[in-house]
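The structure appears below as structure tokens.
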């Protein structure tokens, strides 16, 4: 996937992480994300977005991002801050689009764009009285790619992974948080067992992979930082100081705020967590 497409898709995901989304809206975001990811001509696809009433304002915003990426000399040292600014600028328009779209209507809109008019050649239709009727002279239309995709989904093996359910995701991610918060207080006092800490490391890695799989980069990153931090404490590469524990707790706060859609400013916690992540990554590389 090229840089422009990755940047725009991750901007949408980051914006979605700032919204209080139902499972249905999460599914709609996934459809938009997949539509852009599979697009062969991103600029043309965004033009189509602008022609769709429900997506027009979002399409305009996304096209501005594409112009920035393609026509601006990018300062990669400041790109992270610019990305946060631009993704936050998508929140309002993405929210408005999700308020009027459902997964079914989003798919219907895209299918409508892909439909090719059926052409019927009447030049060779027999005149009345012949044995061949008009219906038999009309060729059946070819199955569209959309039809083939729908059939593949319907007929796919039942043992494949079930569709994403946000309630299940929320329960899986939030379930260990309260216990882990209490555990961190014990870690500060060196009051824990090897089995406990390795268990939490495993859970954090699993949830990081789960979050990454469905496109929640921020949540995935917070879980990775937690897993690495606990791993470093377990390996005695870092001491569980107050600063370290509070940095790990900042990860927990970001996770809860994002999943629950808490409308509070978590910039300070996010920055602290990310800075801690950079620190332990530097230690891991031997810097």
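Read-outs throughout are calculated quantities, based only on the coordinates presented, and are distinct from any laboratory measurement. Keep in mind the model is a prediction, meaning the values are calculated, not measured. Reconstructed Cβ throughout: ideal geometry from the backbone, glycine too, with neighbour counts over all protein chains shown.
Just a few scattered comments:
- Those residues of the range 16-39 which are out of contact with any helix residue (DSSP H, G or I) (no Cβ under 7 Å at 6 or more places or on another chain), part of a helix (DSSP H, G or I) and surrounded by fewer than 18 Cβ atoms within 10 Å (Cβ to Cβ), in sequence order: 34
- Scanning the range 93-112 for residues that are part of a helix (DSSP H, G or I) and under 17 Å from the mean Cα position of the chain (by Cα), we see that the one that is surrounded by the most Cβ atoms within 10 Å (Cβ to Cβ) is 94.
- Within the range 253-284, the residues that satisfy the criterion of being touching a residue at least 40 places away in the same chain (Cβ under 8 Å) and closer than 13 Å to residue 221 by Cβ are 255, 258, 270, 273, 274, 276, 277, 280, 281.
- Matching residues in the range 65-78 - criterion: being surrounded by 12 or more Cβ atoms within 10 Å (Cβ to Cβ) and farther than 19 Å from residue 44 by Cα: 74
- Test: residue in the range 81-88 that is in a loop (DSSP other than H, G, I, E, B), exposed (fewer than 14 other Cβ atoms within 10 Å of the Cβ), touching a residue at least 40 places away in the same chain (Cβ under 8 Å) and under 16 Å from the mean Cα position of the chain (by Cα): no
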